[in-house]
Structures are given as structure tokens and as C-alpha cells.
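**Student:** Handing you this structure, nothing more for now.
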Amino acid sequence: MSHSLHRFGTEDNLKNDYTLYARTSRWVNREGCGPKLRKILAVLLSEKPVNFGSSHAGKSYKAGLDPEEYAKTLDRAYGVACCYSSKEALKRVLRRLKELDVGISIVVSGLIDEVVDTAKEIGLKPHTAFLSLGIHGRQELLPEDHILEVTTMCGHAMVSAKLTRAVLEKIKSGEMTPEEGADHLAQPCPCGIFNTDRCEALSRIYCKTE
């Protein structure tokens, strides 16, 4: 799930931001995976994720994806993605998925120490670890850091810097609340890993709202 790997921010504001992706593999376990994905989705939804979805659905929960209708489409899907703001919720989900053991890979992104510690607490040993090596090249061409903290929550770059600036200006002027702004920014990201809780918290800090 490398598109969730490059969330930009400080160690402090990247805490309590976890993405989870249940992903099948072509020619291995994708054929007939719908019932298994529905079982996984039920576990994910039981802990009330901040957001969920997948690119095959074309939109996320924050953009109006209905959980029951979404579950019906999983026979044609290859995975389910979501995000949480609670480490304890993530731990409970992983424990239940371990017990479910349906044979589908589960990929978790977050601060690596937190993710590894959580896995160890419930008796899981991570199979593989991807690490972001930071940003290289002409960094002066990138948006400001506080904009990147928002836009990189959509790993496919569907949330633009221009849109983010516009929404933050509306929050600063009082035209939008931080909650409304976060929900608006989540709309272009279909995968469901745009964490509106984190976006709201970041906008409150940047826009200095109560």
C-alpha cells in the first residue's frame, strides 16, 4: 500500500493516523474473494473507521459511499481500505482479523514504531516493511509544509494544493468550519484513507480556530 506511505508531517501530528488495506493478489486469491472481503469489511466497520472506500467504488464514505451498497460490489473488487484515528481501534481490528484468518493480506500504515508495537501486542509478526525515505529533488517546487500535510493524505494526489489553500482560507474567514473543510477536502479521494479527523485538527492549528 505504497500510496499511503508518504503522509507528510511531524511525528506529533502523524500520531493517531492509521490506514489499513485488505488487498487480494491477482492469480493468487482474487478469484471469488467477495465473501472474504465482506467479512473483512464488517470487522473494519465494527470499529467505526474515520473513512473507508476503494478505487473500484469510485468514492469514499466521506463522499457518500453507502456501506451496505458497497458490500454488494465486493465480488468485483480487489481490496478494501480505511483509516482510523484510534490506536486502540486499530488493535481491536487487527486482533479480530487475525482470528478471522481469511487468507488476505492486511497492510497497515502509520508511524512504524507504533504499528510494530501494536502488532507485537497481539502476537502478529509483520511480514514486510516499507519505509519512506523522505523528499528528494527540487523541494522548492513543492507546496508549503502545512499544505503537504493535507494533500499527502490522498496518496494518489487527488487532493490538490490549490483546493487545500482555498478551503483553509474559507476556514480562516469563517465561511467553513474545520469539520466542513475536512469533509470537503476528502471528496476527491476515493480510496477512503483521507483522515478527516487529522485534517480537521491540522486546520484548527493552521487557521487558529477553537
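**Student:** For the range 123-140, does any single residue satisfy the condition of being within 20 Å of the chain's Cα centre (by Cα), touching a residue at least 24 places away in the same chain (Cβ under 8 Å) and assigned by TED's automatic domain parsing to the domain that holds Glu200?
**Tutor:** No: zero hits.
**Student:** Which count do you get for residues in the range 148-171 that are assigned to a helix (DSSP H, G or I) and either more than 17 Å from the chain's Cα centre (by Cα) or surrounded by fewer than 17 Cβ atoms within 10 Å (Cβ to Cβ) (or both)?
**Tutor:** The number of residues fulfilling the criteria is 11.
**Student:** Among the listed residues Gly134, Gly192, identify the single one that is in contact with a strand residue (DSSP E or B) (Cβ under 6 Å, 6 or more places away or on another chain) and under 26 Å from Ser55 (Cα atoms).
**Tutor:** From the options Gly134, Gly192, the qualifying one is Gly192.
**Student:** Report, by residue number, each residue of the range 189-210 that is in a loop (DSSP other than H, G, I, E, B) and either crowded, with 20+ Cβ neighbours inside 10 Å or at pLDDT 95 or above (or both).
**Tutor:** Answer for the range 189-210, where residues must be in a loop (DSSP other than H, G, I, E, B) and either crowded, with 20+ Cβ neighbours inside 10 Å or at pLDDT 95 or above (or both): Cys189, Pro190, Cys191, Gly192, Ile193, Phe194, Asn195.
**Student:** Which ones in the range 1-10 are crowded, with 16+ Cβ neighbours inside 10 Å and part of a helix (DSSP H, G or I)?
**Tutor:** His3, Ser4 - these are the residues of the range 1-10 that are crowded, with 16+ Cβ neighbours inside 10 Å and part of a helix (DSSP H, G or I).
**Student:** Does the range 189-198 include one or more residues that are at negative phi and without any contact (Cβ under 8 Å) to a residue 60 or more places away in the chain?
**Tutor:** no
**Student:** Could you check Pro143 against (1) outside the structural domain of Thr164 (by TED's automatic domain parsing); (2) more than 18 Å from the chain's Cα centre (by Cα) and say which number it fails?
**Tutor:** Result: Pro143 fails condition (1) only.
**Student:** Suppose we filter the range 172-188 for residues that are acidic (Asp, Glu) and not in a helix (DSSP H, G or I); how many remain?
**Tutor:** Residues that pass the stated criteria total 1.
The values are calculated or read from the model by the stated rules, or taken from the named source; none is laboratory data. All figures in this text were calculated on a predicted structure; none of them were measured in a lab. Counting neighbours? That spans all protein chains shown, and the Cβs are built from the backbone with ideal geometry, glycine included.
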